[in-house]
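Colleague: Dumping the structure here so I can ask a few things about it.
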């Protein structure tokens with residue numbers, strides 16, 4: 001006998017429908033699964049067999065063949081347990097075959113027949129809704145995530161038996177309803193008002209946050225670089241609905257989405273340790289999974305102690321910084337993940353940390369300094385828009401009571417600048433200045449004559465590359481947006497140049 005059901009899996013950060021075909025024929029008893037299943041799918045043979053028996057149904061002692069179509073696409077994960085079990089029950093006549101042709105079944109089965117949640121439900125549900133399907137069966141812990149997809153009826157049976165009762169029409173399930181999400185824990189951030197002194201660095205962070213620019217902070221130990229970096233999340237605007245969906249899909253696929261959190265609205269802040277591998281940074285595995293740069297999408301990737309990262313890890317950042325995405329090619333699949341992140345990096349000026357410090361003498365040899373700086377390549381530095389020196393604080397700055405702008409005040413200024421950029425750039429499909437390409441820079445960055453002359457002089461003296469020229473213009477455009485100016489002024493260009501040229505004393 002033959003039966004067919006529908007399941008789903010993930011391909012990158014998107015869902016993909018899987019047709020599960022089950023044929024039961026005479027022959028030596030056994031269950032074969034074909035269609036490029038990975039190890040987790042192959043192991044479903046034992047889970048499905050035990051779940052069907054322990055749920056009180058008969059497992060056919062005949063030759064069972066399960067085909068997962070399309071057959072040329074690698075299938076991974078345990079979410080195909082449920083559609084395989086439903087298909088076997090339908091092919092053996094224990095469920096009406098016509099009752100499971102239109103529904104989508106996704107879930108892992110325990111040996112006793114209970115449904116367990118899996119990762120990646122949100123992209124599957126969105127894809128299912130886009131395909132015009134209307135009913136989805138998932139585990140109870142996945143129900144709220146699946147309901148993010150519009151125009152989709154979600155059922156959450158606790159056991160395989162509950163699903164069978166519903167398909168037989170004996171005991172119908174109630175469709176799941178949305179539950180208001182619990183309070184989302186915000187990212188652990190510092191307030192800018194708590195950072196003593198460092199007026200120039202705070203201004204640089206405000207500009208970086210307003211335009212989504214990459215920033216590098218160089219300074220001695222204890223000058224406040226890490227605290228400044230952590231405070232940047234407190235000034236970034238909330239994500240739009242589209243951005244939230246993108247980030248939530250990524251965290252769903254990665255298995256990092258809390259079941260009660262709802263859509264993620266706080267921008268990601270990722271802070272990987274410097275021992276991370278290049279695969280951990282960009283993603284990888286036999287079936288590629290998202291890495292840190294994808295988990296930072298629409299948020300912040302903070303690399304503390306930048307020169308301590310392996311050189312190959314830093315070099316893999318170059319292409320995603322430029323393109324906003326990363327393509328990972330493996331034998332089993334070639335997948336493209338989004339990677340539009342804001343790079344925030346911090347480092348000491350030398351191995352001992354005190355090169356150029358006014359209070360403590362550097363003990364590094366010139367060769368040590370050159371070796372330390374060479375860990376960061378010129379092409380990577382060229383892709384960082386803002387280079388800022390964070391000096392040691394003086395006693396008066398530590399004990400002073402001068403009022404400082406709080407993150408709430410700065411966040412409002414950043415939000416206003418982002419609104420200006422969104423209105424100007426929405427026709428290009430982007431939302432902040434850092435995402436502009438060369439053509440868009442030429443179209444949107446109009447300079448006064450004085451600003452043009454200054455930029456020409458800086459281009460010659462600083463030996464700017466074409467990329468560096470565009471990045472100076474992008475930062476100047478953001479400074480003008482913060483000031484509410486349509487045309488980029490001499491002052492905006494001067495500040496943008498200074499923010500890219502003020503760490504020469506740090507040996508770079």
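The values are calculated or read from the model by the stated rules, or taken from the named source; none is laboratory data. These figures come from a predicted structure and were not determined experimentally. Counting neighbours? That spans all protein chains shown, and the Cβs are built from the backbone with ideal geometry, glycine included.
Colleague: Working only within segment 217-230, note down all residues that are crowded, with 23+ Cβ neighbours inside 10 Å and at pLDDT 90 or above.
Modeller: 217, 218, 219, 220, 225, 228, 229
Colleague: Okay, moving on. Criterion first (closer than 29 Å to residue 254 by Cβ and at pLDDT 95 or above) does residue 69 satisfy it? Lay out the reasoning, then the answer.
Modeller: On the way: closer than 29 Å to residue 254 by Cβ: yes; at pLDDT 95 or above: yes.
Judged against the criteria, residue 69 is a match.
Colleague: Let me ask you something else. Going by what's in this entry, would residue 414 be described as within 25 Å of the chain's Cα centre (by Cα), in the same structural domain as residue 430 (by TED's automatic domain parsing) and closer than 19 Å to residue 280 by Cα? Before the answer, list the steps.
Modeller: Numbers: within 25 Å of the chain's Cα centre (by Cα): yes; in the same structural domain as residue 430 (by TED's automatic domain parsing): yes; closer than 19 Å to residue 280 by Cα: no.
No.
Colleague: Also, quick follow-up: Could you figure out which of (1) surrounded by fewer than 20 Cβ atoms within 10 Å (Cβ to Cβ); (2) modelled with pLDDT of 90 or more; (3) touching a strand residue (DSSP E or B) at 6+ places or on another chain (Cβ under 8 Å) isn't true of residue 284?
Modeller: The failed condition is (2).
Colleague: Would you tally the residues in segment 224-242 being outside any loop (DSSP other than H, G, I, E, B) and free of Cβ contacts under 8 Å to residues at least 60 places away in the same chain?
Modeller: Of segment 224-242, the ones outside any loop (DSSP other than H, G, I, E, B) are 225-234, 241-242.
Okay, now just the ones that are also free of Cβ contacts under 8 Å to residues at least 60 places away in the same chain, so 227, 241-242.
Count: 3.
Colleague: Let me ask something else. Quick one: which residue in 159, 189, 182 is surrounded by 17 or more Cβ atoms within 10 Å (Cβ to Cβ), modelled with pLDDT under 85 and either in the same structural domain as residue 100 (by TED's automatic domain parsing) or farther than 23 Å from residue 49 by Cα (or both)? Working first, answer last.
Modeller: Working: 159 fails: modelled with pLDDT under 85; 182 fails: surrounded by 17 or more Cβ atoms within 10 Å (Cβ to Cβ).
After ruling out the rest, the residue left standing is 189.
Colleague: Just the residues that are assigned to a loop (DSSP other than H, G, I, E, B) and either farther than 20 Å from residue 343 by Cβ or not assigned by TED's automatic domain parsing to the domain that holds residue 298 (or both), please, taken from segment 417-444. Step through it out loud before you land on a result.
Modeller: Here is the first cut: in segment 417-444, the residues assigned to a loop (DSSP other than H, G, I, E, B) are 429-432, 436-437.
The one that is assigned to a loop (DSSP other than H, G, I, E, B) and either farther than 20 Å from residue 343 by Cβ or not assigned by TED's automatic domain parsing to the domain that holds residue 298 (or both): 429.
Colleague: Condition (residue is outside any helix (DSSP H, G or I), assigned by TED's automatic domain parsing to the domain that holds residue 362 and either surrounded by fewer than 19 Cβ atoms within 10 Å (Cβ to Cβ) or at pLDDT 95 or above (or both)) applied to segment 467-480: is it met by at least one residue?
Modeller: The first filter runs over segment 467-480 and keeps only residues outside any helix (DSSP H, G or I), leaving none.
No, that holds for no residue.
Colleague: Identify all residues within segment 334-364 that are in a loop (DSSP other than H, G, I, E, B) and surrounded by fewer than 16 Cβ atoms within 10 Å (Cβ to Cβ); write none if there are none. Steps first, please.
Modeller: First, pick out the residues of segment 334-364 that are in a loop (DSSP other than H, G, I, E, B): 339-341, 348-364.
Of everything in segment 334-364, those that are in a loop (DSSP other than H, G, I, E, B) and surrounded by fewer than 16 Cβ atoms within 10 Å (Cβ to Cβ) turn out to be 358, 359, 360, 361, 363.
Colleague: If you check 276, 328, 376, 282, which single one turns out to be farther than 30 Å from residue 75 by Cα and in the same structural domain as residue 247 (by TED's automatic domain parsing)? It would help to see each step written out before you state the result.
Modeller: Details: 276 fails: farther than 30 Å from residue 75 by Cα; 328 fails: farther than 30 Å from residue 75 by Cα; 282 fails: farther than 30 Å from residue 75 by Cα.
Answer to the selection: 376.
Colleague: Still on this model: Are there any pairs with C-beta distances below 8 angstrom linking a residue in segment 388-410 that is more than 15 Å from residue 358 (Cα to Cα) and in the same structural domain as residue 498 (by TED's automatic domain parsing) to a residue that is modelled with pLDDT of 85 or more and outside any helix (DSSP H, G or I), with the two at least 6 apart or on different chains, and if so which?
Modeller: From segment 388-410, the pairs are 388/215; 388/216; 388/217; 388/218; 407/235; 410/235.
Colleague: Kindly state which helices (runs of 4 or more DSSP H) lie completely within segment 248-319 and contain at least 3 residues that are touching a residue at least 60 places away in the same chain (Cβ under 8 Å) and farther than 23 Å from residue 120 by Cα. Break it down stepwise before answering.
Modeller: On the way: elements: 278-282, 292-295, 311-315.
It comes to 311-315.
Colleague: Quick check: is even one residue across segment 67-74 in the same structural domain as residue 156 (by TED's automatic domain parsing), out of contact with any helix residue (DSSP H, G or I) (no Cβ under 9 Å at 6 or more places or on another chain), surrounded by fewer than 22 Cβ atoms within 10 Å (Cβ to Cβ) and assigned to a strand (DSSP E or B)? Spell out how you get there, then give the answer.
Modeller: Here is the first cut: in segment 67-74, the ones in the same structural domain as residue 156 (by TED's automatic domain parsing) are 67-74.
Imposing the further condition that a residue be out of contact with any helix residue (DSSP H, G or I) (no Cβ under 9 Å at 6 or more places or on another chain) reduces the set to 67, 69-74.
If we keep only those that are surrounded by fewer than 22 Cβ atoms within 10 Å (Cβ to Cβ) as well, we get 67, 69-74.
Filter once more, keeping what is assigned to a strand (DSSP E or B): 67, 69.
Checked against the condition, which is being in the same structural domain as residue 156 (by TED's automatic domain parsing), out of contact with any helix residue (DSSP H, G or I) (no Cβ under 9 Å at 6 or more places or on another chain), surrounded by fewer than 22 Cβ atoms within 10 Å (Cβ to Cβ) and assigned to a strand (DSSP E or B), segment 67-74 yields at least one hit.
Colleague: Does residue 103 count as in contact (Cβ under 8 Å) with a residue 24 or more places away in the chain, assigned by TED's automatic domain parsing to the domain that holds residue 38, more than 24 Å from residue 247 (Cα to Cα) and in contact with a strand residue (DSSP E or B) (Cβ under 7 Å, 6 or more places away or on another chain)?
Modeller: On the way: in contact (Cβ under 8 Å) with a residue 24 or more places away in the chain: yes; assigned by TED's automatic domain parsing to the domain that holds residue 38: yes; more than 24 Å from residue 247 (Cα to Cα): yes; in contact with a strand residue (DSSP E or B) (Cβ under 7 Å, 6 or more places away or on another chain): yes.
Considered against the rule, which asks whether it is in contact (Cβ under 8 Å) with a residue 24 or more places away in the chain, assigned by TED's automatic domain parsing to the domain that holds residue 38, more than 24 Å from residue 247 (Cα to Cα) and in contact with a strand residue (DSSP E or B) (Cβ under 7 Å, 6 or more places away or on another chain), residue 103 comes out as yes.
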